[in-house]
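The values are calculated or read from the model by the stated rules, or taken from the named source; none is laboratory data. These numbers were taken from a predicted model, which means no experiment stands behind them. Here the Cβ is made from the backbone with ideal geometry for all residues, glycine too, and neighbour counts use every protein chain on show. These accessible areas exclude ligands, DNA and RNA; they are computed on the full protein's heavy atoms, side chains included. Shrake-Rupley method; radii C 1.70, N 1.55, O 1.52, S 1.80 Å.
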Amino acid sequence: MSEPDEIWFTRCPVPTATGIAADRGTLAAEFAPDGIAVRSLRDAADDERSDGLPRSHFTHELTALFREGGNVPALWARSRGEATRVIALTWIEERQSILVRADSDLRTPEQLRGRRLAVPRHDIAIDFWRAMALHGHAGALGLAGLTLDDARLVEVPGVRQGQWEGELAALRDGRVDAVYVKGAVAVETARRYGAEVAIDLDAVPDRRSRVNNGTPRPITVHQRLLDERPELVTRFLAVLLDAAEWAAAHPGDLARILGAETGAGPDGVADAYRAGTAGSLGLDLSEERLTLLAEQERFLYAHGFLPEPVDVAGWADHEPLRRARELRAARAATAAETTAVETTATAPTPGTSHAPAAPQPSGTRSPAAGSHAVAPAAGTASATP
């Protein structure tokens, strides 16, 4: 790989550290001194699009790409032989639920037995919508010790424009009894269709009932980028760690960014991303999250979404995140040392009189005020990407 003059990032329209860093301009600011432009794949001109996004969002064929998004396409790309590595995972609760009509008596997992459950089908390379619905229904059925075989799966044509529209139209028209949804747009769409929550998967203590496309959500890079420019990966991750920390301290600002990222209004964002979301964007590769991702891999392979199995443990590379944390610690130490030096330089010398300075003769120039002030950082909040 030659010296890059640009790197790419892509994320799904969901809460991501990448989206926060892009909105705040910190990714661009990190690499600008090197003459490296940071570009969003959403802005790429590409004739081959899949569900409105350039093909590389799903295939990860672009070697200089950082992807933070659903695990179904990420696992699919790896399963097809793309040399990607997962370098971090997040887990963000997104209001996963089973919806029913207002006049339905269905309110418990046990009542899903024999019911008609909507399963969309989209004509795209990897039908992550279908995968989400199947695993969402499986999670709800599992709460009652049931499986997908205990319900009736009804195929519903997917609607390309408008999330969940096809499934909720089928529910409204009586063609199905229940629909799986998640996220802020789903909250708003459900209200338009008069659908109600029958089973709130987020309320279940056991996270395994919510393993799905976004839980856990991987950050992946190409092996070639890791081999040839590992320092770029380290710095990119360090910026994401900063973004996650910033989000935890700025829940109000985060809500605005989530609205822009998801395309939902304030009410949808507030209902989907409840208290604690601001502090849940942290990155890790813990054994727990990798185990949950491996559970998702087994489900996807068993249901035909992956052409080959993926060794999740072998797919993970822990080094980039470790180095990113070390880089942040080193930068923090340098900043603290600089602050201490500046504070010492501006402190009065012991024994020095604090009396007002004598008037200077006319024409004598005073020392410049604020000579030790630090200029405000450039590239703070920017326009939404």
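See the values below:
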| read-out | value |
| --- | --- |
| In range of the label at residue 284: residues from segment 186-230 whose backbone nitrogen is under 19 Å from the point 7 Å along Cα→Cβ | 205-212, 214-220 |
| Relative contact order of the chain, defined on C-alpha pairs under 8 angstrom at six or more residues apart (%) | 25 percent |
| Probe 1.4 Å, accessible area per residue of segment 135-242, Å² | 37 Å² |
| Computed over the chain, Cα set: Rg, Dmax in Å | 25.0, 96 |
| Cα extents of segment 139-282 along the three principal axes, largest first (Å) | 54, 34, 33 |
| For the chain, size of Cβ-based charge dipole, Lys and Arg +1, Asp and Glu -1, in debye | 460 debye |
| Residue-averaged [θ]222 nm for the chain, counting only DSSP H segments that reach four residues, each worth -39500 (n - 2.57) | -12000 deg cm²/dmol |
| Heavy-atom accessible surface of the chain: percent carbon and sulfur, 1.4 Å | 52 percent |
| Potential lengthening between residue 6 and residue 267 on full extension [0.36 nm per residue; Cα-Cα distance subtracted] | 90.3 nm |
| 0 to 90° range, to nearest 10: angle between helix 230-249 axis and the chain longest Cα axis | 90 degrees |
| Label-point separation, residue 104 to residue 329 (7 Å along Cα→Cβ), nm | 5.0 nm |
